[in-house]
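Student: Have a look at the structure that comes next, please.
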Amino acid sequence: MSLKTPEQSRTIMTDLVLPSETNPINNLFGGELLARMDRAASIAARRHSRRIVVTASVNHVAFNRAIPLGSVVTVEAKVSRAFKSSMEIYIDVWIEDRESGEKTKANEAIYTFVAVDETGRPVRIEEIQPVTELEKERYKGALRRKQLSLVLAGKMKADDATELKALFN
Ligand SMILES: CCCCCCCCCCCCCCCC(=O)SCCNC(=O)CCNC(=O)[C@H](O)C(C)(C)COP(=O)(O)OP(=O)(O)OC[C@H]1O[C@@H](n2cnc3c(N)ncnc32)[C@H](O)[C@@H]1OP(=O)(O)O
């Protein structure tokens, strides 16, 4: 049987920015965006694993562009790599120009989800096979990012993070 692809987990959520979701300078609250990304990522993780999933870590968030009130925001999440029970989810955030409809990349983030059983214990999941160049690039970097996240969380010794250390050699 062929492996699942990142495309099969792709989850797209499009929504508006309402006044109750903005900060005093009329841009989307960072926390609101984090919640939207968490929701999209959890569905992508679930689509890949078909199991209960929990957020284990927010590995990276870049708020590169403020998102103004009234914007149409699209959050696109895909599993970039599946390990034993954990999955890296890559999230791209786009805003749409009201006149032209053209989409501009506003932010991106990387989350880690873990598939668990009904008692919360991690369970084995299927591997994933990247197809496009971007998917292959994200797949390749995912082990390094997993090791960095584990080192920062105090769950791995820096000495054991071989893939991460290779960056500096
Ligand atoms: C079907 C389509 C339509 C679907 C339509 C419905 C969709 C409906 C979806 C609803 C989805 C709701 C989504 C709610 C999302 C929350 O909001 S969950 C709430 C927030 N999160 C939590 O409460 C999680 C609390 N933490 C835990 O339960 C445990 O720490 C964890 C995450 C299960 C890990 O447990 P653990 O004992 O550390 O287990 P351990 O074996 O050491 O690690 C397990 C894996 O996690 C990795 N890991 C652990 N910590 C980290 C870390 N900091 N960084 C990176 N990796 C880590 C390990 O490396 C390991 O990876 P693998 O090598 O197995 O791949």
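Student: Any idea how many residues of the stretch 27-43 are under 24 Å from ARG65 (Cα atoms), under 11 Å from the mean Cα position of the chain (by Cα) and either near the ligand (Cβ under 9 Å from one of its atoms) or of a type in the set (Asp, Glu) (or both)?
Tutor: Qualifying residue count for the region: 4.
Student: Would you check if LEU167 is within 14 Å of the ligand (Cβ to nearest atom) and at negative phi?
Tutor: Here the answer is no, as LEU167 does not meet what is asked.
Student: When only residues in the stretch 111-123 that are in a loop (DSSP other than H, G, I, E, B) and either touching a residue at least 12 places away in the same chain (Cβ under 8 Å) or within 8 Å of the ligand (Cβ to nearest atom) (or both) count, which is surrounded by the most Cβ atoms within 10 Å (Cβ to Cβ)?
Tutor: Applying the filter and picking the extreme gives VAL123.
Student: All but one of (1) within 27 Å of ALA153 (Cα to Cα); (2) without any contact (Cβ under 8 Å) to a residue 40 or more places away in the chain; (3) of a type outside the set (Val, Ile, Thr); (4) more than 12 Å from the ligand (Cβ to nearest atom) hold for ARG50; which doesn't?
Tutor: With (1) within 27 Å of ALA153 (Cα to Cα); (2) without any contact (Cβ under 8 Å) to a residue 40 or more places away in the chain; (3) of a type outside the set (Val, Ile, Thr); (4) more than 12 Å from the ligand (Cβ to nearest atom) applied to ARG50, the lone miss is (4).
Student: Which one is surrounded by the most Cβ atoms within 10 Å (Cβ to Cβ), of the residues in the stretch 62-99 that are of a type in the set (Phe, Trp, Tyr) and closer than 19 Å to LYS146 by Cα?
Tutor: Result: TYR90.
Student: Being in contact with a Ser or Thr (Cβ under 9 Å, 6 or more places away or on another chain) and closer than 17 Å to ARG50 by Cα is the filter here, so list the residues in the stretch 122-148 that pass it.
Tutor: Within the stretch 122-148, PRO122, VAL123, ARG124, ILE125, GLU126, ILE128, GLN129 meet the criteria.
Student: In addition: Pairs under 8 Å by beta carbon, first residue under 12 Å from GLY141 (Cβ atoms) in the stretch 156-167, partner of a type in the set (S, T, N, Q) and within 16 Å of the ligand (Cβ to nearest atom), six or more apart or different chains?
Tutor: Note: pairs meeting the criteria are GLU163/GLN147; LEU164/GLN147.
Student: Hey, can you tell me all the residues within the stretch 124-162 that are within 15 Å of the ligand (Cβ to nearest atom), among the hydrophobic types (A, V, I, L, M, F, W, C) and not in a helix (DSSP H, G or I)?
Tutor: Within the stretch 124-162, ILE125, ILE128, ALA153, MET156, ALA161 qualify.
Since every read-out is calculated from the coordinates, none of them should be taken as a lab result. Since the structure is predicted, the reported quantities are computational estimates derived from the model, not experimental observations. All Cβ positions, glycine included, derive from the backbone under ideal geometry; neighbour counts span all protein chains shown.
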